[in-house]
Amino acid sequence: MASIPKPGRPVRGSRSGAPIMALFDLLGRRWSMGVLWTLCDRGPCTFRALQDRCESISPTVLNARLKELREAGLVERAELGYQATPRGRELYELLVPLGTWSKSWAREQTGRAGSE
């Protein structure tokens, strides 16, 4: 299994392990952002409910992502199952505007593809 990205250690795209690159490495892993987004957007839930909410995620991948996100301090086990930590919610709130921006960008890209 790949190691958990940590600031200050080499990560994908950065030998120096710049904090932003460590974060991008973690969030760039298959389903990492989807798991965090789902927990923040739809609230705490059990492993099975989270798997259902994420639709096509396998139990193995979900288990790995939860482990990584827990180790990174973004997700925690709670009475109702899994939930985003305050730090995870803070990150989500920073990502929401990026999601909005990406939709605008996607519309521009789609329009461009038809005009070329």
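Which of (1) over 19 Å from residue 94 (Cα atoms); (2) surrounded by fewer than 18 Cβ atoms within 10 Å (Cβ to Cβ) is the odd one out, the single condition residue 11 does not satisfy?
All conditions are met except number (2).
Is it the case that residue 59 is in contact with a Leu (Cβ under 6 Å, 6 or more places away or on another chain) and at pLDDT 95 or above?
Numbers: in contact with a Leu (Cβ under 6 Å, 6 or more places away or on another chain): no; at pLDDT 95 or above: yes.
It is false that residue 59 is in contact with a Leu (Cβ under 6 Å, 6 or more places away or on another chain) and at pLDDT 95 or above.
So in segment 62-116, with the set limited to residues that are at pLDDT below 95 and among the basic types (Lys, Arg), which one is nearest to residue 34 (Cα to Cα)?
103
Would you please name the residue that is surrounded by the most Cβ atoms within 10 Å (Cβ to Cβ), looking only at residues in segment 68-92 that are assigned to a helix (DSSP H, G or I) and either in contact (Cβ under 8 Å) with a residue 12 or more places away in the chain or small (Gly, Ala, Ser) (or both)? Give the steps one after another, and end with the answer.
Initial filter on segment 68-92 (assigned to a helix (DSSP H, G or I)): 68-71, 86-92.
Then drop every residue that is not either in contact (Cβ under 8 Å) with a residue 12 or more places away in the chain or small (Gly, Ala, Ser) (or both), which leaves 68-69, 71, 87-89, 91-92.
Values: 68: 20, 69: 26, 71: 14, 87: 13, 88: 21, 89: 15, 91: 20, 92: 18.
Per the criteria, the residue is 69.
Only one of these conditions is not met by residue 39: (1) under 15 Å from the mean Cα position of the chain (by Cα); (2) over 17 Å from residue 94 (Cα atoms); (3) in contact (Cβ under 8 Å) with a residue 24 or more places away in the chain. Which number is it?
Going through (1) under 15 Å from the mean Cα position of the chain (by Cα); (2) over 17 Å from residue 94 (Cα atoms); (3) in contact (Cβ under 8 Å) with a residue 24 or more places away in the chain one by one, residue 39 breaks only (2).
Condition check: surrounded by 16 or more Cβ atoms within 10 Å (Cβ to Cβ), not in a loop (DSSP other than H, G, I, E, B) and not β-branched (Val, Ile, Thr). Does residue 99 satisfy that?
On the way: surrounded by 16 or more Cβ atoms within 10 Å (Cβ to Cβ): no; not in a loop (DSSP other than H, G, I, E, B): yes; not β-branched (Val, Ile, Thr): yes.
No.
How many of the residues in segment 21-64 are touching a strand residue (DSSP E or B) at 6+ places or on another chain (Cβ under 6 Å) and either assigned to a loop (DSSP other than H, G, I, E, B) or over 15 Å from residue 81 (Cβ atoms) (or both)?
Total satisfying the criteria: 5.
The values are calculated or read from the model by the stated rules, or taken from the named source; none is laboratory data. Keep in mind that what you see is a predicted model, and the values were worked out from it rather than measured. With ideal geometry, Cβ positions are generated from the backbone for all residues, glycine too; neighbour counts draw on all protein chains shown.
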